[in-house]
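Report on one structure; see the data block that follows.
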Amino acid sequence: MSTVTIEPLAGHYLQRSPKLYPNPKKTSQFSLNYSRRPLSGTATLRFCDYRRRRTVPIRARSTDAAVIETSEQLDVVFTETFSLKRPERAVGKISIRLDKGKDEENWHLSVGCSLPGKWILHWGVHYTDDTGSEWDQPPPEMRPPGSMAIKDYAIETPLQGEAFQEVKIDISSKWSIGAINFVLKDEETGVWYQHRGRDFKIPLVDCLDDDANIIGVKKESNIWSGSLGKLSNILLNPEASPSKGESSSIDGSGAKNRRLEGFYEEHVIVKETLVDNIVNVSVKQCPETAKNILCIDTDIPGNVILHWGICKGDTKIWELPAMPYPAETVVFKNKALRTLLQRKEGGNGSSGLFTLDGGLSGFVFVVKLDENTWLNCNGDDFYVPLSNGTLHLEERKQNEESNSSQLANRLPEESQEGSVYTDEIIKEIRSLVSDISSEKSRKTKNKVTQETILQEIEKLAAEAYGIFRSSIPTIPEIAVSDSEVIQPDVKVTSGTGTGFEILCQGFNWESHKSGRWYKELHEKAAELSSLGFSVIWLPPPTDSVSPEGYMPRDLYNLNSRYGSFDELKVTVKKFHEVGIKVLGDVVLNHRCASERNQNGIWNIFGGRLNWDERAVVADDPHFQGRGNKSSGDNFHAAPNIDHSQEFVRKDIREWLLWLREEIGYDGWRLDFVRGFWGGYVKDYLEATEPYFAVGEFWDSLVYTYGEMDHNQDPHRQRIIDWINATNGTAGAFDVTTKGILHSAIERCEYWRLSDQKGKPPGVVGWWPSRAVTFIENHDTGSTQGHWRFPGGKEMQGYAYILTHPGTPSVFFDHIFSGYQSEIGNLISLRKRNKISCRSMVVITKAERDVYAAVIDDKVAVKIGPGHYEPPSGHQRWKMAAEGNNYKVWELS
């Protein structure tokens, strides 16, 4: 899909900091959509039930009053002081003002911050005559005092002031500046502050791309008059086809020039710092009753809730102690207790006394400050030993080593639950592995059955991933036999096919212009089959406001610019005849209305699915929806559909089933899946049981100072998260791998193709069976060229994706070009050596000028100008494919 802007994928953006984010309680028209991330801890566990649970209040009894009253005379058998790092938030604002100077040609930009700290403005300019770089250094006379050059593209200027810090920049039209880009940096903490996760951008000339980080100046504005203003219109607005229904703002008479009269904006931010606190724990024993008196004392201000339990025996499994419980205690999920500690006189902290039976091995707890903030001990629960009133030496040593606890944004009760749950998952995976291994040795199951077992293992792995999000588990790859004896008893549909698929994208951005695209594909079906493709992805079939199909209107009307309903059916049938499965491109995130409502807003839909405002999300500012809030990112060019509505999901399920039955689609390419929760996709895929499904989850890679970071784990993590939300029923395009291949090949930095653990650095390195690898598509290449692969080096990219695991996708324009024979040779090699989406990769070289790997011990590949030969020894390699800076070998 052609999104509103693709700039973050190739532009210069700084890595998002987890410590600075917007105030969630105050959102304005210019709110900053910044996601907060925990400093440490585990992800939210997917198997937990988050429905509101009833808590049971418990009143304290007086049975142990005598014990507590005499506790001060008892001997202390254990004491420990735990150091805590508590998050403290300061709310402030960043102000941005653009004022006119002495005349129309001179302006003043002011950027200020009300938060304490050493603030630095990291900024640069975009010149109107430079179409290749968003960041450049400003002219020397534009730089305020104290500025320092950063490499050759940016300036850092300290903000000045006491309570309110500010920096002022003079701007003149004689410098031909088209835009000013900046981020704010807190030098004390190293935190970068951005606008919606990207650089602030203040355009000074026409800016027609729908760039979400633009502030102050609206589209089509221009503060410069005269020849510079006219020149900027030419430079920044070349003629191009509008993307997916977005109309160009340039008409036949030229661009519009609206004068900017200045602006002032404020952005609410929250800065997080860590404050030192302590928790003192002491244990006394009563010789008469054999009870333990545990005292907890802390200097944490405000209400402090102790989430606690006891342990018995050698395990550290949470259990409920015998009653009575302290005052202000409630039972939580029958697994733990929550006690509100009593405020000290003067308000300097809280404390609590806990009377516990003898014979217990330990007291476990974490500290709860609010629903989202928990304090624990370096990711573990605090543990106080109670066995015989003494502390085991090993446990004491562990406590001393973990004396500095960290913030963990997780629920402790879920951790215990997860431990038991994942033990069961591991047992089940081992059972399945044993099953497939034993069946293989007895040769009693065929390949299809064993693939079914593999799919079950992967589903269990998806469950485990939901628990251990921070460390991606590696599921052992299991070789399956080709013997065919028993047919499978169960049908498991995972949307990932057999694992040996090779995908062809069967169109480009201009394909609709012929008016007979389905007929043209019909004529090419046999040729595509002979090249080795097993799946083809067809363009969106529905009636659409935009001719490319990505602004759908009447979903049941399949007469489009690509051809008629009947032509589509005939073409799909032809592909089936030559052994190729067909994917339909379905746009589920948004839909164009047919009529306006009483307020003149386009949100009344026509055709068979005649929805109204209830089908539109409530937080889409342009279309006055009356549904619920969006579960993803909004696509602002059309009404975003509210998938939380049961009637919407029912209609979409029926429509997809109709497409499968009437047209014969075998699966789906899902457009703009960032716009709605992956759980809805799971619902649609389970209803339609596709042979293969892949989602387009496309967002910005991680950049620092305009340079792509080597570690792209945060980027691929977001894609993995979406796949996991679908319960592994769909794959996703491996945008991470495409971006890394870009930098590696274009800049001769092939070391990028190995991550810190020596594995492929994209989604294919973490979940290869769900990774659909590609180097180009209708958005990135074709006539759009939003993120074009380095020119003349495409075959290096194909040498990589066609020899590596994952499901490779080849772009139509590259198939029917001078690359066809080379691509066909690589496809033949892949099929001949039975490389699958689950094949094993051993990276043997990842250096500045060369990358090399061995796949399944059968294929060796190298890309880059550097030298490499596959390992010699008992194996004999022969050259199988060779081209511009790539070679592929296979065992002879």
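A few points about this structure:
- Candidate set from the stretch 297-319 (those that are part of a strand (DSSP E or B) and under 14 Å from Phe363 (Cβ atoms)); member that is most open to solvent (accessible area, probe 1.4 Å): Glu319
- Qualifying residue in the stretch 844-851 (condition: in contact (Cβ under 8 Å) with a residue 60 or more places away in the chain and either under 24 Å from Ser530 (Cα atoms) or more than 34 Å from the chain's Cα centre (by Cα) (or both)): no
- Test: residue in the stretch 770-778 that is touching a Phe, Trp or Tyr at 6+ places or on another chain (Cβ under 9 Å), farther than 21 Å from Val888 by Cα, polar (S, T, N, Q) and open to solvent by 10 Å² or more (accessible area, probe 1.4 Å): yes
- Taken together, the residues in the stretch 621-642 that are open to solvent by 50 Å² or more (accessible area, probe 1.4 Å) and out of contact with any helix residue (DSSP H, G or I) (no Cβ under 8 Å at 6 or more places or on another chain) amount to 5.
- Yes/no for Arg608 being touching a residue at least 12 places away in the same chain (Cβ under 8 Å), among the basic types (Lys, Arg), open to solvent by less than 40 Å² (accessible area, probe 1.4 Å) and farther than 21 Å from Gln505 by Cβ: no
- Test: Pro870 is outside any strand (DSSP E or B) and not hydroxyl-bearing (Ser, Thr, Tyr): yes
- For Glu689: the one exception among (1) open to solvent by 40 Å² or more (accessible area, probe 1.4 Å); (2) at negative phi: (2)
- Tally, over the stretch 119-158, of residues that are within 31 Å of the chain's Cα centre (by Cα) and open to solvent by 40 Å² or more (accessible area, probe 1.4 Å): 4
- Test result for Glu104, of a type outside the set (A, V, I, L, M, F, W, C), open to solvent by 40 Å² or more (accessible area, probe 1.4 Å), part of a loop (DSSP other than H, G, I, E, B) and in contact (Cβ under 8 Å) with a residue 40 or more places away in the chain: yes
- Within the stretch 760-778, restricting attention to residues that are assigned to a loop (DSSP other than H, G, I, E, B) and within 20 Å of the chain's Cα centre (by Cα), the residue that is nearest to Ser700 (Cα to Cα) is Gly762.
- The condition of being over 19 Å from Tyr703 (Cβ atoms), under 29 Å from the mean Cα position of the chain (by Cα), in contact (Cβ under 8 Å) with a residue 60 or more places away in the chain and in a strand (DSSP E or B) holds for only one of Ile171, Ile94, Ile180, that being Ile94.
- Yes/no for Ala290 being open to solvent by 20 Å² or more (accessible area, probe 1.4 Å), at pLDDT 85 or above, part of a loop (DSSP other than H, G, I, E, B) and of a type outside the set (D, E, K, R): no
The rows are residues; the columns are (1) more than 19 Å from Asn603 (Cβ to Cβ); (2) buried (at least 24 other Cβ atoms within 10 Å of the Cβ); (3) at pLDDT below 95.
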residue: Ser530; (1), (2), (3): yes, no, no
residue: Ser534; (1), (2), (3): yes, no, no
residue: Thr542; (1), (2), (3): no, yes, no
residue: Asn559; (1), (2), (3): yes, no, no
residue: Tyr562; (1), (2), (3): yes, yes, no
residue: Asp566; (1), (2), (3): yes, no, no
residue: Val570; (1), (2), (3): yes, no, no
residue: Lys574; (1), (2), (3): yes, no, no
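- Every condition in (1) assigned to a loop (DSSP other than H, G, I, E, B); (2) within 18 Å of Leu375 (Cα to Cα); (3) among the charged types (D, E, K, R) is met by Arg338 except one, and the failing one is (1).
- Residue in the stretch 67-87 that is part of a strand (DSSP E or B), open to solvent by 80 Å² or more (accessible area, probe 1.4 Å), at pLDDT below 85 and in contact with a strand residue (DSSP E or B) (Cβ under 8 Å, 6 or more places away or on another chain) present: yes
- Leading residue by the ranking (nearest to Asn303 (Cα to Cα)) among those in the stretch 378-391 that are open to solvent by 10 Å² or more (accessible area, probe 1.4 Å) and either within 38 Å of the chain's Cα centre (by Cα) or at pLDDT 80 or above (or both): Asp381
- Residue count for the stretch 749-759, restricted to those that are out of contact with any Asp or Glu (no Cβ under 9 Å at 6 or more places or on another chain) and open to solvent by less than 10 Å² (accessible area, probe 1.4 Å): 1
- In the stretch 740-759, the residues that are under 13 Å from Arg716 (Cβ atoms) and not in a loop (DSSP other than H, G, I, E, B): Ile740
Per-residue answers, yes or no, for (1) on the phi < 0 side of the Ramachandran plot; (2) among the small types (Gly, Ala, Ser); (3) surrounded by fewer than 19 Cβ atoms within 10 Å (Cβ to Cβ):
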position: Asp612; (1), (2), (3): yes, no, yes
position: Ala615; (1), (2), (3): yes, yes, no
position: Asp619; (1), (2), (3): yes, no, yes
position: Ser644; (1), (2), (3): yes, yes, yes
position: Lys650; (1), (2), (3): yes, no, yes
position: Glu661; (1), (2), (3): yes, no, yes
position: Phe676; (1), (2), (3): yes, no, no
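The values are calculated or read from the model by the stated rules, or taken from the named source; none is laboratory data. For clarity, every value in this text was computed on a predicted model and none was experimentally measured. Using ideal geometry, Cβ is built from the backbone for each residue, glycine included, and neighbour counts are taken over all protein chains shown. Calculation scope for accessible area: heavy atoms of the full protein, side chains included, ligands and nucleic acids excluded. Shrake-Rupley method; radii C 1.70, N 1.55, O 1.52, S 1.80 Å.
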